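Reviewing the structure listed below.
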Amino acid sequence: MFETSLDSYELQHYVVQQLNNFYPDNRLLHKEKRFESTINRALERTEYCFQHVSLPTYHRDKRTYFSHLHADQYTVFLWFLSNEIWREFEDEEISSKIFGLNKILNGFHCMYNAELPDIFLVLHGNGIVLGRATYGNFLVCFQGTTVGAVDGHYPTLGSGVTMAPNSSIIGKCNVGNLVTVGNHALLRNRDVTDQSLYFRDIDSGKHSIKFSETPWAQSYYNVPIL
């Protein structure tokens with residue numbers, strides 16, 4: 001069961017009104033029908049994503065719950081919506097506007113034609129940049145995290161990767177399952193094996209890798225990641 005703070009019609013009106021406020025060019029007047037089917041599919045993807053999250057704000061009375069006033073939840077929904085509109089219509093204008101809205105409201109920079117996983121979690125938002133990498137499910141991204149390219153090479157992330165605040169994964173990296181990248185750590189053109197903690201020493205600045213017996217990502221999801 002899925003409960004939402006606004007029904008699909010109200011949510012469609014809410015998003016369109018936000019877009020018209022930020023982009024007052026009146027170019028959505030004849031395109032609102034494109035939101036009707038895509039809003040529902042974006043909500044279906046949001047429900048599937050959130051039903052795996054263990055945090056109490058994602059559930060209400062044993063139902064998966066989505067609130068348009070919960071910034072992290074709204075971030076994920078807006079990305080799903082931008083991606084759905086791109087998939088169905090290849091409408092670069094609307095998708096770009098939703099991308100821009102998400103960036104303005106939530107500091108979330110991920111293009112509508114990227115391939116984020118079906119299950120991912122944004123925590124505390126702001127300053128998150130997710131490039132066109134390959135992502136596994138059960139991704140966790142805190143504020144200030146970056147996934148990007150070096151010389152055109154993007155990383156590959158396994159399942160259950162957690163990126164702690166202000167961490168980065170860039171370049172030709174193969175990141176295994178259940179890996180945690182610690183606060184302010186920079187992983188660049190380097191591989192990390194399954195169930196590892198990659199971290200930066202706060203005194204020396206040196207980066208190290210050690211085995212992680214309790215992967216951080218698992219604490220945010222209510223099903224086994226692997």
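To keep it simple, each residue is scored yes or no on (1) surrounded by fewer than 20 Cβ atoms within 10 Å (Cβ to Cβ); (2) over 12 Å from the mean Cα position of the chain (by Cα).
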| position | (1), (2) |
| --- | --- |
| His124 | yes, no |
| Met163 | no, no |
| Val175 | no, yes |
| Asp203 | yes, yes |
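Listed by position, the strands (runs of 3 or more DSSP E) contained in the stretch 138-226 that have at least 1 residues being over 25 Å from Met111 (Cβ atoms), at pLDDT 95 or above and of a type in the set (S, T, N, Q) are 196-200, 207-211. With a requirement of 2 or more residues that are in contact with a Gly (Cβ under 7 Å, 6 or more places away or on another chain), the helices (runs of 4 or more DSSP H) lying completely within the stretch 1-93 that satisfy it span 71-89.
Examine the stretch 55-62 for a residue that is of a type in the set (Ser, Thr, Tyr) and surrounded by fewer than 21 Cβ atoms within 10 Å (Cβ to Cβ), and state whether such a residue exists. Yes; the residues of the stretch 55-62 include at least one that is of a type in the set (Ser, Thr, Tyr) and surrounded by fewer than 21 Cβ atoms within 10 Å (Cβ to Cβ). Among the residues of the stretch 67-90, not a single one is of a type in the set (Val, Ile, Thr) and open to solvent by 10 Å² or more (accessible area, probe 1.4 Å).
Taken together, Gly171, Gly160 contain a single residue that is touching a residue at least 60 places away in the same chain (Cβ under 8 Å) and either over 25 Å from Pro56 (Cβ atoms) or touching a Phe, Trp or Tyr at 6+ places or on another chain (Cβ under 7 Å) (or both), which is Gly160.
The values are calculated or read from the model by the stated rules, or taken from the named source; none is laboratory data. Treat the numbers as computed from the prediction; the structure is a model and nothing was measured. Using ideal geometry, Cβ is built from the backbone for each residue, glycine included, and neighbour counts are taken over all protein chains shown. Accessible surface areas use protein heavy atoms only, side chains included; no ligands, DNA or RNA. Shrake-Rupley method; radii C 1.70, N 1.55, O 1.52, S 1.80 Å.
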